[in-house]
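Report on the structure given below.
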Ligand code: SF4
Ligand code: SF4
């Protein structure tokens, strides 16, 4: 039967698209009959360590820096870190992020400063988990978790909304909208040492 792959040729030679050929080392010959060689491979596998993973009964533990589902983070008082700048959407090579910025008002404040992310969506049918969006985010609002369980049975549910992506409220956080609690100015939210009191902004030397 002829080899259907035109790039492969017998005799250990592979023909490249350029027409050039190069030799690959020939496999060592065995003096055992072919069936014995075949069963030899089978028996060798029996004593190898089993690598089958019993997922989902034994959940897989990823590496700490694994790129999984995104998270939109909050400041310690619960205000959102996202300022609706769209830099993540511009950085995304797969066009997977959609952002619409909105204006904060004194009556309805979602983030420190002027703007917040009013609409935020990530399309996980497009995302390739490259992490360029989190590199582009100027406020460290957008980060990636280790959660990889993103399969679903319909396309619509794989477009995650802002509500799905927002980090949960931790103890001491208050759901926005609410006034700025960590200072009078948005700089107070960024020029602080973790753990310092809100009334004690950090000097530049400490940062
Ligand atoms: S991880 Fe990559 S592909 Fe996914 S949303 Fe971010 S930039 Fe786009
Ligand atoms: S997640 Fe970051 S980069 Fe994206 S819109 Fe919000 S602040 Fe800008």
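The values are calculated or read from the model by the stated rules, or taken from the named source; none is laboratory data. Computed from a prediction, not measured in an experiment: that's the story for all the values here. A quick note on method: Cβ atoms are made from the backbone with ideal geometry, for glycine too, and the neighbour counts reach across all protein chains shown.
Of the residues 177, 171, only one is in contact (Cβ under 8 Å) with a residue 60 or more places away in the chain, farther than 15 Å from residue 91 by Cα and more than 18 Å from the chain's Cα centre (by Cα); which? Walk me through how you get there before you give the answer.
Working: 171 fails: in contact (Cβ under 8 Å) with a residue 60 or more places away in the chain.
Within the list 177, 171, the selection yields 177.
Filter segment 71-85 down to the residues that are assigned to a loop (DSSP other than H, G, I, E, B) and surrounded by fewer than 20 Cβ atoms within 10 Å (Cβ to Cβ) and list them by number. Working first, answer last.
The first filter runs over segment 71-85 and keeps only residues assigned to a loop (DSSP other than H, G, I, E, B), leaving 73, 75-79, 81-85.
If the condition is that a residue be assigned to a loop (DSSP other than H, G, I, E, B) and surrounded by fewer than 20 Cβ atoms within 10 Å (Cβ to Cβ), then 73, 76, 77, 78, 85 are the ones that fit.
Taking the residues in segment 135-148 that are surrounded by fewer than 15 Cβ atoms within 10 Å (Cβ to Cβ) and under 12 Å from the mean Cα position of the chain (by Cα) as candidates, determine which candidate is farthest from ligand 2 (Cβ to nearest atom).
Of everything passing the filter in segment 135-148, 148 is farthest from ligand 2 (Cβ to nearest atom).
Failed condition for residue 158, given (1) closer than 29 Å to residue 191 by Cα; (2) more than 11 Å from ligand 1 (Cβ to nearest atom); (3) surrounded by 15 or more Cβ atoms within 10 Å (Cβ to Cβ), with all others met?
Of the numbered conditions (1) closer than 29 Å to residue 191 by Cα; (2) more than 11 Å from ligand 1 (Cβ to nearest atom); (3) surrounded by 15 or more Cβ atoms within 10 Å (Cβ to Cβ), the odd one out for residue 158 is (1).
May I ask you to list the residues in segment 141-169 that are in contact with a helix residue (DSSP H, G or I) (Cβ under 8 Å, 6 or more places away or on another chain) and more than 16 Å from residue 100 (Cα to Cα)?
Once the filter is applied, which keeps residues that are in contact with a helix residue (DSSP H, G or I) (Cβ under 8 Å, 6 or more places away or on another chain) and more than 16 Å from residue 100 (Cα to Cα), segment 141-169 yields 143, 144, 150, 152.
Out of 173, 180, which single residue is more than 16 Å from ligand 1 (Cβ to nearest atom), part of a loop (DSSP other than H, G, I, E, B) and in contact with a strand residue (DSSP E or B) (Cβ under 7 Å, 6 or more places away or on another chain)?
The match here is 173.
Can you name every residue in segment 90-112 that is within 10 Å of ligand 2 (Cβ to nearest atom) and either free of Cβ contacts under 8 Å to residues at least 24 places away in the same chain or over 21 Å from residue 132 (Cβ atoms) (or both)?
99, 100, 101, 111
How many residues are outside any loop (DSSP other than H, G, I, E, B) and within 8 Å of ligand 1 (Cβ to nearest atom) if we restrict to segment 124-135? If you could, list the steps in order and put the result at the bottom.
Pass one, segment 124-135, residues outside any loop (DSSP other than H, G, I, E, B): 132-135.
Add one more test, that the residue is within 8 Å of ligand 1 (Cβ to nearest atom), and what stays is 132-134.
Within segment 124-135, residues that are outside any loop (DSSP other than H, G, I, E, B) and within 8 Å of ligand 1 (Cβ to nearest atom) number 3.
Only one of these is without any contact (Cβ under 8 Å) to a residue 60 or more places away in the chain and within 12 Å of ligand 2 (Cβ to nearest atom): 72, 125, 87. Name it.
87
Restricting attention to segment 86-117, which residues are in a loop (DSSP other than H, G, I, E, B) and either away from ligand 1 (no atom under 16 Å from the Cβ) or more than 20 Å from the chain's Cα centre (by Cα) (or both)?
Selection gives 104, 105, 106, 107, 108, 109, 110, 111, 112, 113, 114.
Table: residues versus (1) closer than 25 Å to residue 185 by Cα; (2) modelled with pLDDT under 95; (3) surrounded by 15 or more Cβ atoms within 10 Å (Cβ to Cβ).
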| residue | (1), (2), (3) |
| --- | --- |
| 108 | yes, no, no |
| 113 | yes, yes, yes |
| 116 | yes, no, yes |
| 133 | no, no, yes |
